[in-house]
Amino acid sequence: MRKSFVVAALFVFALSVCVGFAGPALAAARIGISMPTQSLQRWNQDGANMKAQFEAAGYEVDLQFGGDNEVPVQMAQIENMIAGGVNVLVIAAIDGSALTTVLEDAKAQGIPVIAYDRLIMNTDAVSFYATFDNFQVGVMQGEFIRDRLSLDTEGGPFNIELFTGDPGDNNINFFFGGAISILQPYIDSGRLVVQSGQATRDQAATPGWSTERAQARMENLITANGYGPNGTALHAVYSSNDSVANGITNALLGAGFTAENFPVLTGQDCDITSVINILAGTQSMSIFKDTRTLAAQVVKMVDAILRGEEPEVNDTETYDNGTGIIPAFLCAPVVATVDNYRELLIDSGYYTEDQLR
Ligand code: BGC
């Protein structure tokens, strides 16, 4: 048990005694939630899910979004939350390495910090990490490409291009690393060929996870390598998430590819645009990360911390943020395709059928 939790728990307990609660001692606690951007569907959902679930549990919530992935905005918001007296911070960092200084204040004031979805690097102010199994996400994406191209039985060679996300997001080490752990043997044997030669994490990065930047890079790759339905064959494009996949889809459609000859294209998040593309045959799969589950896990974590108890974790080995291992709870990702989207997304109440038209 770290000292800061005990301080926070005592504080909330004292507060509840002062205001004379007989009921849940935690009702007066305020949770500061800092999400990276409102321009991607997933963070709006994450923010809304957490706010609803924390409020239902009786907490007060200060939910903020860091402009459009603007690091200084996020830093200022977190500073304001600390100054405003939040009891816990839940943060999905825009740049995982940019919060060291601002979180020193949180630590000094005994405010526990939970890294949400993305690990916050190089600070011992982070108490816990709640996320999906990010390496497994990459493995599932790599396996999908392997199986769709039948890399274990078909001769090839097959052409592939690689795209991942923002270089400041620690998650891409796991997404890209997981995918490459599956694909590398086929690249080494020559069965898979990255025609552009752009095969490192940094060469494959997409700043800001931007759809427009991904589209521009894919357009350049198409021009430089002559990819097209009647040109050089392009069999697969690895994309770490949906916002990047959307840019790739736009570029491939622009080059004349159709659902009939579309390269295998991966994604992640089950954003509405991507699910619609999956149904149209212009994206092959996505990874479903049920943000309701992650939000519920974080509410449980915060609840335990404020009660002075140890939160449940299921990984104490994987996530070193530069100051040591951060105990984590990893939720399970699931592959989504045209074959199971209904059960995963509609039957579970995540989307309505109308949203996917
Ligand atoms: C998240 C992904 C998301 C990406 C872009 C990553 O850190 O894990 O789910 O697609 O950020 O927002």
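The values are calculated or read from the model by the stated rules, or taken from the named source; none is laboratory data. None of these values were measured; they are calculated from a predicted model. All Cβ positions, even for glycine, are placed from backbone atoms using ideal geometry, and neighbour counts span all protein chains on display. Calculation scope for accessible area: heavy atoms of the full protein, side chains included, ligands and nucleic acids excluded. Shrake-Rupley method; radii C 1.70, N 1.55, O 1.52, S 1.80 Å.
Peptide packing: for 49-55, 99-105, 153-159, 351-357, the average count of neighbouring Cβ atoms within 10 Å per residue gives the ranking 49-55, 99-105, 153-159, 351-357, highest mean first.
Counting only heavy atoms of the protein chains, get the accessible area per residue of segment 144-195 (1.4 Å probe) and round it to a whole Å² value. Present the calculation step by step, with values, prior to reporting the outcome.
Working: 1980 Å² over 52 residues.
Roughly 38 Å² per residue, with all protein chains present.
Using the Cβ of residue 32 as centre and a radius below 15 Å, the other residues enclosed give a net charge of -3, where K and R count +1 and D and E count -1. Run the accessible area of segment 129-233 with a 1.4 Å probe and give the carbon-and-sulfur part as a rounded percent. Carbon and sulfur: 46 percent of the exposed surface of segment 129-233.
Ligands, DNA and RNA are left out, and with a 1.4 angstrom probe the accessible area of segment 309-355 is 54 Å² per residue.
Of all DSSP-defined beta bridges confined to the chain, some 15% are antiparallel rather than parallel.
For the chain, the mean residue ellipticity at 222 nm estimated from helices alone is -13000 deg cm²/dmol, where every DSSP H run of n ≥ 4 contributes -39500 (n - 2.57) and the total is divided by all residues, rounded to the nearest 500. For segment 139-274, just say rounded, prolate or oblate: build the C-alpha gyration tensor, square-root its eigenvalues into a ≥ b ≥ c, call rounded for a/c under 1.5, and beyond that prolate if a/b exceeds b/c, oblate if not. Because its axes are fairly even, with a/c under 1.5, segment 139-274 counts as rounded. Among residues other than residue 94 with Cβ under 10 Å from its Cβ, the summed charge is -4 (Lys and Arg +1, Asp and Glu -1).
log10 I(q)/I(0), Debye, Cα-only segment 236-288, no solvent, q = 0.14, 0.29 Å⁻¹? Here log10 of I(q) over I(0) equals -0.26, -1.16. The equivalent ellipsoid that matches the C-alpha gyration tensor of segment 213-357 spans semi-axes of 37, 20, 11 angstrom, in descending order.
Rolling a 1.4 Å probe over the protein heavy atoms of segment 235-357, with every protein chain left in place, gives an accessible area that is 49 percent carbon and sulfur.
In order along segment 296-312, the Karplus-derived 3J(HN,Hα) couplings, from 6.51 cos²θ - 1.76 cosθ + 1.60 at θ = phi - 60°, round to 4, 5, 5, 4, 4, 4, 4, 4, 5, 4, 6, 8, x, 9, 7, x, 6 Hz, and Gly and Pro are given as x.
Peptides 249-255, 131-137 ordered by packing proxy, namely the average of other Cβ atoms within 10 Å per residue, highest first: 131-137, 249-255.
Here the 3J(HN,Hα) profile of segment 56-68, calculated from phi with Karplus coefficients 6.51, -1.76 and 1.60 at θ = phi - 60°, is 4, 8, x, 8, 8, 10, 10, 9, 10, 10, x, x, 10 Hz, Gly and Pro shown as x. Dividing the mean sequence gap of close Cα pairs (under 8 Å, 6+ apart) by how many residues segment 83-153 holds gives a relative contact order of 27 percent. Once the chain is represented by equal point scatterers at the alpha-carbon sites, with solvent omitted, what log10 I(q)/I(0) does the Debye formula produce at q = 0.06, 0.11 Å⁻¹? At q = 0.06, 0.11 Å⁻¹ the computed log10 ratios are -0.24, -0.74. Taking the longest Cα principal axis of the chain as reference, the axis of helix 71-83 is set at about 20 degrees. Across segment 244-260, rounded Karplus estimates of 3J(HN,Hα) from the backbone phi angles (6.51 cos²θ - 1.76 cosθ + 1.60, θ = phi - 60°) give 6, 4, 4, x, 5, 4, 4, 5, 5, 4, x, 8, x, 5, 10, 4, 5 Hz, Gly and Pro being marked x.
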